[in-house]
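See structure below.
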Amino acid sequence: IVILGSGGAGKSTLARQLGALLGLPVVHLDTLFWRAGWVETPRDERLPLLEQVVRSDAWILDGSWAGTGLSLRLAAADTILFLDLPRTLCLYRVVSRWLAFRGRTRPDLPEDCPERLDPEFARWIWEFPYRHRPRLLRAIAAHQDGRRVVRLRSTSAASAFLDAVRAEISSLLPPLLAGEIPTDSIDTAT
């Protein structure tokens with residue numbers, strides 16, 4: 001599963017929630033892009049790290065770094081989620097996140113990357129709808145064949161999506177527990 005969207009859209013939060021529901025490992029692209037102290041991982045080292053992630057059987061990968069193997073991520077995914085939320089909401093969330101984690105490192109960042117409020121990042125979010133979003137949408141369109149693509153345009157849509165995933169999981173449990181689905185037919189590798 002690949003999760004894309006603007007900064008502050010809730011990609012990491014959705015990734016953690018889905019990971020917990022589905023029992024899948026979550027990889028935050030920021031942990032591949034940044035090193036301790038907000039030092040960028042050299043470009044030639046990022047792609048091998050990303051290739052290692054997407055070669056594994058199952059994963060949830062969040063992050064919109066278009067220059068960091070976007071085509072590789074989309075080609076390897078069977079599901080693409082695009083959080084397409086208003087930029088004002090995204091900016092509000094980034095400021096709220098900064099207030100909540102100020103001076104501390106968030107769980108979805110490498111060690112020693114304390115939360116910061118960066119004007120350049122705020123500008124990236126503000127420009128996202130017309131500078132970055134079209135490129136992501138083109139990339140998604142180029143890779144949509146044979147994949148589930150879900151565009152979530154509001155917080156309530158994201159919540160409804162998670163509720164639908166929970167319901168789908170719940171619908172599988174009664175037949176499994178009743179022995180209607182033979183456990184030897186379940187692929188536990190994914």
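Annotations
- Structure-based [θ]222 nm, the chain - -39500 (n - 2.57) summed over DSSP H runs of at least 4, per residue, nearest 500: -15500 deg cm²/dmol
- Site pair Arg148 and Asp57 shows an inter-label distance of 1.8 nm when each label is modelled 7 Å from Cα along Cα→Cβ.
- Dipole of the chain computed with +1 at Lys/Arg Cβ and -1 at Asp/Glu Cβ about the Cα centre; of Pro48, Val27, Phe101, farthest Cα towards the positive end is Phe101.
- Over region 2-183, equivalent-ellipsoid semi-axes from the Cα gyration tensor in Å: 28, 19, 18
- The slack in the chain from Leu172 to Arg43, taken as 0.36 nm per residue of separation less the alpha-carbon distance, amounts to 42.2 nm.
- Ala36/Thr88 FRET efficiency (R0 35 Å; Cβ-Cβ; nearest 0.05): 0.60
- Evaluating 6.51 cos²θ - 1.76 cosθ + 1.60 at θ = phi - 60° for every residue in region 130-135, the Karplus couplings come out as 10, 9, 10, 4, x, 5 Hz, glycine and proline recorded as x.
Throughout, read-outs are computed from the coordinates displayed, never taken from laboratory work. From a predicted model like this one, the values you see are computed outputs, not experimental measurements. Backbone-built Cβ (ideal geometry, glycine too); neighbour counts: all protein chains shown.
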